[in-house]
Amino acid sequence: MVREFKVRRDMLIMGLNRLGIRCTLPDGAFYAFADVSKYGKLGRRLQNCFLTKQFVATTPGSAFGEAGNDFIRISYATSQDRIREALRRMEAVL
C-alpha cells in the first residue's frame with residue numbers, strides 16, 4: 001500500500017503541475033495542498049468551479065486558515081483511474 005500511495009501521490013502532483021497548478025510533494029497523509037493563485041481565483045472559487053462544472057470534489061485551502069486562501073486541498077486516497085479522470089476534468093474547467 002505504501003508503494004501504491006506513492007504512485008498515486010506522484011501522479012496527482014505531476015498532473016497538477018502539468019496543469020499549471022503549483023504543488024509540492026506532501027510530507028505525509030493522503031492530501032496535496034495546491035497553489036491555484038495563477039488562475040486569479042481564490043481557492044474557494046476554483047474549488048466551487050471544479051465541483052459544480054465537473055463534479056470534482058476538493059477542499060478550499062481557506063478551510064485551514066486565511067493563509068490558505070490561494071490553495072485547494074486534494075485527496076489522493078482513491079484509485080489511479082479516478083485521479084486521472086479528476087485531472088482530466090480539472091483541465092476542462094481551467
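The values are calculated or read from the model by the stated rules, or taken from the named source; none is laboratory data. Not measured: the values here are computed from a predicted model. Don't worry about glycine lacking a Cβ; one is built from the backbone with ideal geometry, like all the others, and counts go over all protein chains shown. With ligands, DNA and RNA removed, areas are computed over all heavy atoms of the protein, side chains included. Shrake-Rupley method; radii C 1.70, N 1.55, O 1.52, S 1.80 Å.
In whole percent, and with a 1.4 Å probe on the protein chains, what portion of the accessible area of the chain is carbon and sulfur? Display every interim value, and only then the final one.
Values: 3000 of 5750 Å².
Within the chain, the accessible surface is 52 percent carbon and sulfur.
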Might you report the magnitude of the Cβ-based charge dipole of the chain about its Cα centre, with Lys and Arg at +1 and Asp and Glu at -1, to the nearest 20 debye? 220
Under 10 Å, Cα contacts only: if you run a Gaussian network model on the chain, which one of F33, F55, F71 comes out with the highest mean-square fluctuation? F55
Hey, can you grab everything whose amide H is under 5 Å from the amide H of F71? Only 5+ residues off in sequence or another chain; H modelled, so Pro and N-termini drop out. V36, G43, G61, S62
With runs of 4+ DSSP H residues as the only contributors, calculate the mean residue ellipticity of the chain at 222 nm using -39,500 (n - 2.57) per run, divided by the residue total and rounded to the nearest 500. -15000 deg cm²/dmol
For the chain, find the longest principal axis of its Cα atoms and tell me its angle to the long axis of helix 2-18, 0 to 90°, nearest 10. 40
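Inverting the mean 1/r over all pairs of different Cα atoms, compute the Kirkwood radius of the chain and quote it in Å. Provide the component values of the computation, followed by the final result.
On the way: mean 1/r = 0.0767 Å⁻¹.
Over the chain, the inverse of the mean reciprocal pair distance is 13.0 Å.
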Measure nothing but the geometry: give the 0 to 90° angle between the long axis through the Cα atoms of 80-93 and the longest principal axis through the Cα atoms of the chain, rounded to 10°. 20
